[in-house]
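Working notes, beginning with the structure itself.
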Amino acid sequence: MHFATRNNANVQKEVDERAALVLLLTIGRALTKLRCIVSEKERQKITDLTELVKGGKHLPKWFVLWAEKRLGLHALNVAHNHIEEDWEAGSSDNFFKLACKYLSLNYELEGLENIPKEGPCVIVSNHAHGMSDGIIFGDIAMKVRDDVRIVVNEFLHHVRGMRPYQITVDVYGGEAAKRANMQGMREMLRWLKDGHCLLVFPSGSAATWSWKDGRVIDDPWQTNISSIIRKTGATVVPMHFSGHNGFFFQTISVLAKGLRSNFLAREILRDGKTLHKVKIGKPINPTTIEINQTDEELSDFLRLSCMMLRYPDTAVKNEAESADNKREAIAAPIAPDLLEQEINSLPESCLCAVNESAHLKVYAAEAAQIPQMMQEIGIQREITFRAVGEGTGKSIDLDEYDPHYVHLIMWHTQERALAGAYRIGRTDVIMDGEKGFKGIYNSAFFKFSPKIQRILRRGIEMGRAFITPRFQKHPASLDTLWMGIGHYLSLHPEYRYMYGTVSVSSEYRPSSRALILAYLQQHCMNPELAKEIKAFNPPKALKLYSEDTRLIKKGVKDLRLLCHLITHLEKDGKSIPVLLRQYLRLGGEMLSFGIDEDFGGTLDGLVLVDLCKTPERILRRFCGKDYVPRAND
């Protein structure tokens with residue numbers, strides 16, 4: 001019994017020792033967890049859930065960690081740890097660059113050279129995603145200059161690493177928020193007046209689903225940034241981010257829009273798995289900005305400038321370019337001696353204009369009077385039109401309409417060369433001839449009602465205009481050609497109208513052609529007469545996104561703004577076609593639009609000029625002070 005009792009005591013002692021060891025291990029693990037919790041608490045986070053929710057400081061640590069993982073905040077905090085470690089190790093990289101690195105934010109950038117290296121500058125952008133946009137935005141801007149501030153909302157204010165670079169506004173609040181935002185407005189003004197760079201998402205929040213447009217679009221842009229731009233005279237640079245947030249975020253935005261900001265951090269995990277395409281447009285100078293009369297107009301113009309960057313930047317190759325073997329070789333030019341002899345044989349009454357300093361003369365002649373010149377006109381037409389992606393693809397550009405049209409010829413006396421030409425159709429004469437209205441060139445492309453035919457009977461059809469490449473850079477060429485047209489009109493005051501098509505070649509980007517089309521449809525159409533004409537091949541494929549089309553109404557009310565947009569979109573910097581500008585200067589109105597597939601896929605706009613409505617100063621300049629078109633039918 002004594003032995004057994006002693007063994008039991010030893011066993012009990014051993015059990016007690018093991019229990020003590022287990023207790024020590026348990027306490028050790030608890031202390032380790034406590035140290036982790038303390039460490040987590042002391043460690044600065046990129047964003048802290050306890051700061052984002054009311055009473056967050058009293059939430060259990062395990063719940064905070066669980067919620068941060070589900071909301072994507074934990075990944076941000078981990079990234080911030082890496083950023084701090086890099087800084088502690090002596091890294092000189094800025095927050096934005098390191099955040100892109102540790103959040104795996106990759107982007108493909110185009111147009112970095114468009115950001116000015118100095119002077120007051122506002123870079124405006126759409127807001128495709130959320131936090132990732134701001135981080136990439138900052139990283140891009142700081143590749144060029146370090147005097148950068150980014151305007152952020154209340155949510156991004158919690159990203160501590162951004163605080164040295166940010167100006168905070170509240171886009172979700174009410175009247176109190178508006179008053180509080182005045183401080184931010186004053187800070188923006190000071191920053192720009194000191195010559196620095198400001199980065200802005202004018203929508204203030206990430207893009208969301210629109211039932212009206214059937215796609216994800218930016219929220220309405222705030223107009224206060226337009227006021228700041230005006231007051232500071234800053235250069236504006238448009239920028240565009242591709243893509244948008246995922247289905248979950250869009251669903252929350254539709255069901256409970258006020259809660260969407262809580263899920264922005266979650267989207268950054270998704271953003272780290274894709275390649276963002278970022279495009280920077282050309283700078284917009286203060287002179288262009290001043291054309292917009294109101295802040296709302298300027299806001300729409302800037303938004304459209306950003307959104308136009310998302311369209312593909314390649315022109316559509318026409319059939320002639322994509323199949324060179326189908327194009328015929330250009331016919332040999334006519335000898336200058338033969339052309340000069342023919343010109344000199346024309347009666348004096350054919351002479352319409354003389355520009356002695358430019359060595360140019362303009363003649364109006366029937367095709368039968370100038371058989372050799374007609375061949376040269378056909379050759380030079382094809383050469384000139386092919387150079388801009390148009391043309392028939394034939395060796396010579398002549399058609400069945402040329403014989404019964406009047407031809408305006410611009411002749412360079414010194415070089416003994418054809419400098420340009422225009423084709424004029426006297427509608428009443430043609431309609432009364434054998435072919436009737438079918439003898440009109442544009443009857444092959446548009447269906448005209450009897451009503452519009454009666455109106456056009458009192459007009460001349462203008463078309464097939466060109467200035468040869470060697471004379472296009474001469475500033476007097478186009479002006480002299482139009483002086484000839486003016487003289488011809490002065491000889492025929494019975495014609496009240498000029499009409500014809502102006503072409504936008506397929507060398508323009510599809511988005512540029514769609515923008516020109518949308519502008520003309522909104523601002524330059526004659527709605528009553530447009531009902532009387534139908535294009536046989538309307539431009540169905542040339543469309544902008546619906547939200548972009550809406551911006552044109554207020555954002556591009558002036559032709560100069562359209563020219564600016566086109567010039568900045570086109571890689572070679574070309575503006576809208578010269579003839580289109582000329583017709584609009586004369587007060588031209590658009591009647592219809594079509595695509596000419598047999599002429600390089602050009603976009604043709606049918607324009608009508610009522611000479612009774614043309615500004616008097618222009619009529620006097622081209623037609624003479626005594627010219628008065630007959631207004632009565």
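General observations
- Identity of the residue in the stretch 244-262, surrounded by fewer than 19 Cβ atoms within 10 Å (Cβ to Cβ) and touching a helix residue (DSSP H, G or I) at 6+ places or on another chain (Cβ under 8 Å), that ends up modelled with the highest pLDDT: 246
- Filter result (of a type in the set (D, E, K, R), surrounded by fewer than 16 Cβ atoms within 10 Å (Cβ to Cβ) and free of Cβ contacts under 8 Å to residues at least 24 places away in the same chain) within the stretch 545-580: 572
- Yes/no for residue 604 being surrounded by 22 or more Cβ atoms within 10 Å (Cβ to Cβ), among the charged types (D, E, K, R) and in contact (Cβ under 8 Å) with a residue 12 or more places away in the chain: yes
- Any hit, the stretch 387-409, residues being open to solvent by 40 Å² or more (accessible area, probe 1.4 Å), more than 25 Å from residue 342 (Cβ to Cβ) and not in a strand (DSSP E or B): yes
- The conditions of being charged (D, E, K, R) and free of Cβ contacts under 8 Å to residues at least 12 places away in the same chain are met by residue 400.
- Total residues in the stretch 434-453, condition assigned to a loop (DSSP other than H, G, I, E, B) and either within 36 Å of the chain's Cα centre (by Cα) or surrounded by 13 or more Cβ atoms within 10 Å (Cβ to Cβ) (or both): 4
- Members of the stretch 348-386 found to be open to solvent by 60 Å² or more (accessible area, probe 1.4 Å) and assigned to a loop (DSSP other than H, G, I, E, B), listed by number: 356, 357, 359
- Subset of the stretch 575-633 (residues that are assigned to a loop (DSSP other than H, G, I, E, B), within 19 Å of residue 518 (Cα to Cα) and touching a strand residue (DSSP E or B) at 6+ places or on another chain (Cβ under 9 Å)): 576, 577, 587, 588, 601
- Within the stretch 419-429, the set of residues being part of a helix (DSSP H, G or I) and either in contact with a strand residue (DSSP E or B) (Cβ under 7 Å, 6 or more places away or on another chain) or crowded, with 23+ Cβ neighbours inside 10 Å (or both) comprises 427 only.
- Test: residue in the stretch 182-190 that is modelled with pLDDT under 90 and either open to solvent by less than 50 Å² (accessible area, probe 1.4 Å) or within 17 Å of residue 289 (Cβ to Cβ) (or both): yes
- Selection of the stretch 382-423 for residues being closer than 29 Å to residue 437 by Cα and polar (S, T, N, Q) yields 384, 392, 395.
- On the stretch given as the stretch 93-126, residues that are free of Cβ contacts under 8 Å to residues at least 40 places away in the same chain and open to solvent by 50 Å² or more (accessible area, probe 1.4 Å) total 5.
- Residue in the stretch 225-238 that is open to solvent by 10 Å² or more (accessible area, probe 1.4 Å), at pLDDT below 90 and not small (Gly, Ala, Ser) present: no
- Pairs linking a residue in the stretch 491-509 that is farther than 21 Å from residue 442 by Cβ to a residue that is β-branched (Val, Ile, Thr) and surrounded by fewer than 21 Cβ atoms within 10 Å (Cβ to Cβ), with Cβ atoms under 8 Å and 6 or more positions apart or on different chains, are 493/628; 507/388; 509/314.
- Output for the stretch 83-98, where each listed residue is under 39 Å from the mean Cα position of the chain (by Cα) and either part of a helix (DSSP H, G or I) or modelled with pLDDT under 70 (or both): 83, 95, 96, 97, 98
- The stretch 494-522, subset in a helix (DSSP H, G or I) and polar (S, T, N, Q), residue farthest from residue 458 (Cα to Cα): 511
- Among residues of the stretch 48-82 being outside any helix (DSSP H, G or I) and out of contact with any Asp or Glu (no Cβ under 9 Å at 6 or more places or on another chain), the one that is modelled with the highest pLDDT is 60.
- Scanning the stretch 509-566 for residues that are in contact with a strand residue (DSSP E or B) (Cβ under 7 Å, 6 or more places away or on another chain) and among the hydrophobic types (A, V, I, L, M, F, W, C) yields a total of 11.
- Any hit, the stretch 523-542, residues being in a helix (DSSP H, G or I), open to solvent by 40 Å² or more (accessible area, probe 1.4 Å) and under 18 Å from residue 502 (Cβ atoms): yes
- Applying the set (1) open to solvent by 30 Å² or more (accessible area, probe 1.4 Å); (2) touching a Phe, Trp or Tyr at 6+ places or on another chain (Cβ under 7 Å) to residue 477 leaves exactly one unmet item: (1).
The values are calculated or read from the model by the stated rules, or taken from the named source; none is laboratory data. On a predicted model such as this, the values are computed, not experimentally measured, just so you know. Cβ coordinates were reconstructed from backbone atoms using ideal geometry, including for glycine residues, and neighbour counts include every protein chain displayed. Quick note on the areas: whole protein, heavy atoms, side chains included, nothing else; ligands and nucleic acids left out. Shrake-Rupley method; radii C 1.70, N 1.55, O 1.52, S 1.80 Å.
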